[in-house]
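Worksheet: one structure, shown below.
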Amino acid sequence: MDKVEKSGKMPVYLDYNATTPVDDEVLTAMLPYFSHRFGNASSRTHRWGWEASSAVDHARSQLASLIQCKSEELVFTSGATEAVNLAIKGVFHAYHRKGKHVVTCTTEHKAVLDVCERLEEIGAEITYVGVDRQGTIDLFALEKAIRTDTVLVSVMWANNETGVVQPMEEIGRICSEKNTLLFSDATQALGKMSLLPRRTGVHLLAGSAHKMYGPKGVGILYVSRLNPRISFKPIVDGGGHENGFRSGTLNVTGIVGFGKAAELAGRVMESDAERYLYLRDKFETGIQNHLTDILINGHPERRLPHVSNVSFKGVSASSLIKSLGHLLAVSTGSACTSASLEPSHVLTGMGVSKELAESSIRFSMGRYTTEKEIDTVISWVVEKVQSARSDNPVWTLNLGT
Ligand SMILES: *Cc1c(COP(=O)(O)O)cnc(C)c1O
């Protein structure tokens with residue numbers, strides 16, 4: 001359980017929302033499929049093919065049991081980004097007779113926002129529903145946004161930057177009253193909390209292995225196939241794999257790892273969550289005890305327990321991260337947008353000022369985070385923030401107000 005520490009001692013890794021290491025059990029399950037079990041799951045004429053195909057079946061049932069759906073309702077993809085594309089574009093094209101209107105939320109992952117933007121180029125109309133100061137979607141605005149020609153509502157289950165968990169049950173109820181399909185990018189929630197899409201009224205759901213201790217390059221799309229039976233158009237054609245919904249030779253090794261990761265998550269996610277709650281409370285209390293003018297972003301309770309998004313007033317997050325760089329791996333937010341210099345759209349969407357958004361850091365811990373690491377990180381952060389503030393003439397003049 002000390003893989004991350006072992007892998008080079010320093011720095012401490014607190015960027016689990018960007019990606020997670022592959023669990024040892026997952027790696028062990030995958031290894032034979034790199035070597036002697038190398039078959040193509042579509043080869044129907046020999047044992048290599050049968051072996052691969054039964055391994056894929058097994059992985060599919062492991063994932064199905066995690067979210068309590070049927071195996072036939074799962075489509076393997078190259079990752080959550082592809083699953084999001086498949087869900088939104090696939091439904092948009094399949095239901096064009098109903099309309100061209102899509103409703104989503106301002107704090108979604110770029111995977112969702114960029115797909116919506118792309119659809120706008122071909123005539124889609126997108127409504128972006130806002131969130132409150134704690135990051136929760138405005139349910140009243142959501143309800144008003146849905147129209148008779150709305151083909152899809154897309155709301156993420158849990159936010160990657162803040163960990164805020166959306167009220168999916170209410171959202172599901174609103175969508176079912178309005179007779180609209182609901183898709184959820186659940187990439188950060190899958191394997192971290194219990195997700196029951198059918199019971200929640202979620203018709204499509206995307207997830208990714210590498211956010212839950214599986215390998216990179218494999219994702220999943222859940223699509224309700226019964227009551228209601230969702231139809232959608234594929235975006236990758238050629239060979240008709242995955243019931244025609246996603247062509248291409250299956251990434252058997254990755255899929256085996258994903259299945260194992262799902263089984264493992266089912267076993268440990270509850271106890272992991274309890275431990276994170278303890279560690280995060282220690283972290284947040286620890287920095288609050290030593291520093292003034294810090295702000296924790298996101299709903300105090302409805303938030304994934306391993307995520308802490310903190311604004312340090314008067315401190316530039318990017319220079320703070322740089323000064324901690326050799327000690328601590330953290331990020332300002334999404335790894336997918338950190339190439340851009342814009343302040344986080346998630347935080348500004350919540351009403352956080354541009355300046356404060358640029359003073360915010362996401363700490364996300366995981367299965368291998370230790371209490372000792374958290375203690376160390378507290379002292380590093382406190383020291384660096386104090387020294388950054390004392391170097392900031394404006395801050396010193398205003399005495400921190
Ligand atoms: C990581 C992430 C994605 C992208 O997943 P990939 O498998 O890396 O393509 C999409 N949405 C959210 C919320 C994520 O955190």
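Things worth noting here:
- Here is what passes the span test in the chain: the DSSP H helices with alpha carbon length of 24 Å or more along the helix axis and a Kyte-Doolittle mean of -1.0 or above are 47-67, 252-290, 371-390.
- Cα-based equivalent ellipsoid, the chain: semi-axes from gyration tensor eigenvalues, Å: 37, 28, 17
- Legend: residue pairs Lys70/Lys282; Lys178/Lys233; Lys110/Lys233, Cα-Cα distance threshold 28 Å; pairs beyond threshold, Lys70/Lys282.
- Summarising the label geometry, the points placed 7 Å from Cα in the beta-carbon direction at Ala141 and Lys372 lie 4.7 nm from one another.
- In this simple spin-label approximation, Tyr128 and Ser318 carry label points 7 Å from Cα along the Cα→Cβ vector, and these lie 2.1 nm apart.
- Legend: calculated FRET efficiency, Lys354 to His290, from the Cβ-Cβ distance at R0 = 25 Å, rounded to 0.05, equals 0.40.
- Once the Cα-Cα distance is subtracted from the 0.36 nm per residue extended length, the Ser43 to Ser247 segment shows a gain of 72.0 nm.
- The overall shape of region 9-81, judged from the alpha-carbon gyration tensor, is oblate: a/c is not under 1.5, and a/b is no greater than b/c.
- Region 129-198-region 244-280 distance, computed between alpha-carbon centres (Å): 22
- Cα gyration tensor shape of region 264-401, rounded if a/c is under 1.5, else prolate or oblate by comparing a/b with b/c: prolate
- Mean residue ellipticity, 222 nm, helices only, the chain: the sum of -39500 (n - 2.57) across DSSP H runs of n ≥ 4, divided by residue count and rounded to 500, is -12500 deg cm²/dmol.
- Sites Ser35 and Lys110, calculated FRET efficiency, Cβ-Cβ separation with R0 30 Å, nearest 0.05: 0.25
- Distance in nm between pseudo-label sites at Ser71 and Asn392 (7 Å out along the Cβ direction from Cα): 5.5
Every read-out reported here was derived from the displayed coordinates using simple, explicitly stated rules and does not represent laboratory data. Bear in mind the structure is a predicted one, so any value in this text is a computation, not a measurement. FYI the Cβ positions are ideal-geometry reconstructions off the backbone, even for glycines, and counts take in every protein chain you see.
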